[in-house]
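One structure is given below, encoded as structure tokens.
The values are calculated or read from the model by the stated rules, or taken from the named source; none is laboratory data. In this text, all values refer to a predicted model and were calculated from it rather than measured experimentally. Cβ placement follows ideal geometry from the backbone for every residue including glycine, while neighbour counts extend to all protein chains displayed. Protein only, heavy atoms only, side chains kept; ligands, DNA and RNA dropped before computing areas. Shrake-Rupley method; radii C 1.70, N 1.55, O 1.52, S 1.80 Å.
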Amino acid sequence: MNKYKVCVYAIAKNEEKFVDRWYESMKEADEIYVLDTGSIDNTVLKLKEKGVYVKQKIINPWRFDVARNESLKLLPKDTDICVCTDLDEVFEKGWREKLEKAWEKDTTRLRYTYNWSLNEKNIPIVSFLYEKIHKLEGFTWVNPVHEILKYDKGEEKYSVQTEIVLNHYPDKNKSRSSYLPLLELSVKEDPNNDRNTHYLGREYMYYGKWNEAIDTLIKHLNLKTATWKDERCASMRFIARCYKNLKRYDEAKMWLDKAINEAPYLRDPYMERALLEYNLNNWEEVKKYSLEALKITTHQKSYINETFSWNYTVYDLLSLACYNLNEIDDALLWIDKALNMEPDNERLINNKKIIEEKRNSLS
């Protein structure tokens with residue numbers, strides 16, 4: 001017999017293609033609740049056919065926190081554990097049993113493994129701890145976008161179970177056009193929100209609004225609450241990216257130096273510097289910063305992880321640098337390491353042929 005009543009809740013809009021997979025993943029829960037915010041496809045019908053409780057409500061003006069709070073209201077008052085997911089997410093089997101073992105009487109929230117990005121072989125690329133499993137009382141969703149749970153009943157008691165794994169398989173065709181105005185609104189509502197100020201600067205960068213991004217990210221760095229070094233490092237890296245796109249390379253290098261000093265334990269700033277030097281054909285510098293990146297063997301698990309820091313890219317850069325520095329044996333060594341991680345990459349395969357041809361011509 002189960003120790004706790006576990007209820008899953010979610011928001012949805014036009015998610016019919018995910019319903020079957022999501023339900024199969026979530027059905028270990030006692031009950032499942034969905035707030036549909038205006039689907040015009042068969043999302044609602046398919047969910048109801050599965051026995052999911054569905055309520056429809058249009059949220060206007062749209063805010064993720066309002067929608068999440070409306071979905072949370074659907075849960076019965078005797079719910080012990082609330083599990084918030086989205087329909088493009090999938091729990092690995094057995095999560096319910098692991099949850100009940102990890103949950104203690106005074107637990108307010110549980111941290112678990114979230115694979116935000118996986119490759120075509122279903123191997124995690126970006127992975128970190130997530131915390132959207134919580135008790136019912138005392139929690140409210142806040143922020144118009146990049147919403148988080150706020151607890152108002154005193155100090156929180158976290159439990160951790162990394163063997164609970166939630167995988168994210170996003171719809172890459174889905175628009176994120178609402179994010180920028182919602183982030184602008186979020187920062188307007190709370191100018192001292194360091195996380196969303198960082199997110200807003202990053203969003204400006206995504207849109208190619210280089211100067212707005214620089215100004216906003218510098219604002220983030222100047223906030224008293226902006227103390228997490230990983231995120232500060234990311235803001236500095238993003239500022240450097242903006243200067244790179246403005247072709248102001250000295251300033252880009254300066255900000256990457258700041259990023260390295262801020263978080264020398266992360267690969268990301270070294271890799272960004274190596275990539276910048278690659279664009280400038282500075283092969284000695286490419287080699288230097290790539291080798292520095294390789295000295296870092298601990299992969300910090302956070303949402304800020306860059307995929308290029310831990311995939312084949314570092315070996316690819318080293319092979320290119322060594323080839324251009326006429327260090328052909330080393331170039332071959334590094335290209336083999338890159339191909340070991342990415343064996344079907346046509347460019348890498350062709351690069352190896354070119355390196356081998358050059359080595360043969362010199363022998």
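In table form, for the structure just shown:
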quantity: Portion, in percent, of the accessible area of region 84-154 that falls on carbon or sulfur, probe 1.4 Å; calculated: 49 percent
quantity: Accessible area expressed per residue, the chain, with surrounding protein chains retained (probe 1.4 Å, Å²); calculated: 50 Å²
quantity: Whole-percent carbon and sulfur share, accessible surface of region 219-335, 1.4 Å; calculated: 47 percent
quantity: GNM flexibility winner over the chain from K337, K353, K253 (Cα, springs under 10 Å); calculated: K353
quantity: Where Rh is the Kirkwood radius over Cα pairs, Rg/Rh for region 208-270; calculated: 0.96
quantity: By accessible area with a 1.4 Å probe, ligands and nucleic acids excluded, highest first: order of D20, D316; calculated: D20, D316
quantity: Per-residue HN-Hα couplings for region 123-129 [Karplus 6.51, -1.76, 1.60; θ = phi - 60°; Hz; x = Gly/Pro]; calculated: 8, x, 9, 10, 9, 7, 7
quantity: Karplus 3J(HN,Hα) series, Hz, for region 237-242 with 6.51 cos²θ - 1.76 cosθ + 1.60 (x for Gly, Pro); calculated: 5, 5, 4, 4, 4, 5
quantity: Spatial separation of Cα centroids for region 186-255 and region 60-128, in angstrom; calculated: 29 Å
quantity: Region 264-343: chymotrypsin sites (Phe, Trp or Tyr not before Pro) in DSSP loop, at most 12 other beta carbons within 10 Å; calculated: Y265
quantity: Coil-residue GluC sites (Glu not before Pro) of region 79-152, DSSP, other Cβ within 10 Å capped at 13; calculated: E104, E120, E137
quantity: DSSP beta bridges in the chain [antiparallel fraction, %, rounded to 5]; calculated: 45 percent
quantity: Net length gained if the chain between K93 and N340 were fully extended (0.36 nm per residue, minus Cα distance); calculated: 85.9 nm
quantity: Selected from T298, T43, T140 as most flexible by GNM, with the chain as the system and alpha-carbon contacts under 10 Å; calculated: T298
quantity: Formal net charge of residues neighbouring Y158 (Cβ-Cβ distance under 9 Å; K, R +1; D, E -1); calculated: +1
quantity: For region 255-316, the Rg and Dmax computed from alpha carbons only, in angstrom; calculated: 10.8, 32
quantity: Residue among K172, K209, K57 with the largest mean-square fluctuation in a Gaussian network model of the chain, springs linking Cα atoms under 10 Å; calculated: K172
quantity: Convex hull of Cα atoms in region 1-99, direction-averaged projection (nm²); calculated: 6.2 nm²
quantity: Cβ-derived FRET efficiency at R0 30 Å, L280 paired with R359, nearest 0.05; calculated: 0.70
quantity: Computed FRET value (nearest 0.05) for K247 with L294, which takes r as the C-beta separation and R₀ as 30 Å; calculated: 0.55
quantity: Region 173-214: chymotrypsin sites (Phe, Trp or Tyr not before Pro) in DSSP coil with no more than 15 other Cβ atoms inside 10 Å; calculated: Y207
quantity: Under 13 Å, Cβ to Cβ, from N60 - net charge with Lys/Arg +1 and Asp/Glu -1; calculated: +2
quantity: Which labelled figure in [x] 25, 51, 23, 2; [y] 30, 56, 13, 0; [z] 21, 29, 20, 24, 6 is P(r) over Cα pairs in 20 Å bins from 0, in percent, once derived from the coordinates; calculated: [x]
quantity: Shape parameters for region 252-363, alpha-carbon atoms, Rg then Dmax in Å; calculated: 14.5, 47
quantity: Label-point separation in nm, I349 to L136, each point 7 Å along Cα→Cβ; calculated: 5.8 nm
quantity: Links that overshoot a 25 Å alpha carbon limit, given the list K77/K132; K135/K224; K150/K301; K229/K288; calculated: K135/K224
quantity: Region 10-124: antiparallel DSSP beta bridges as a percent of all, rounded to 5; calculated: 10 percent
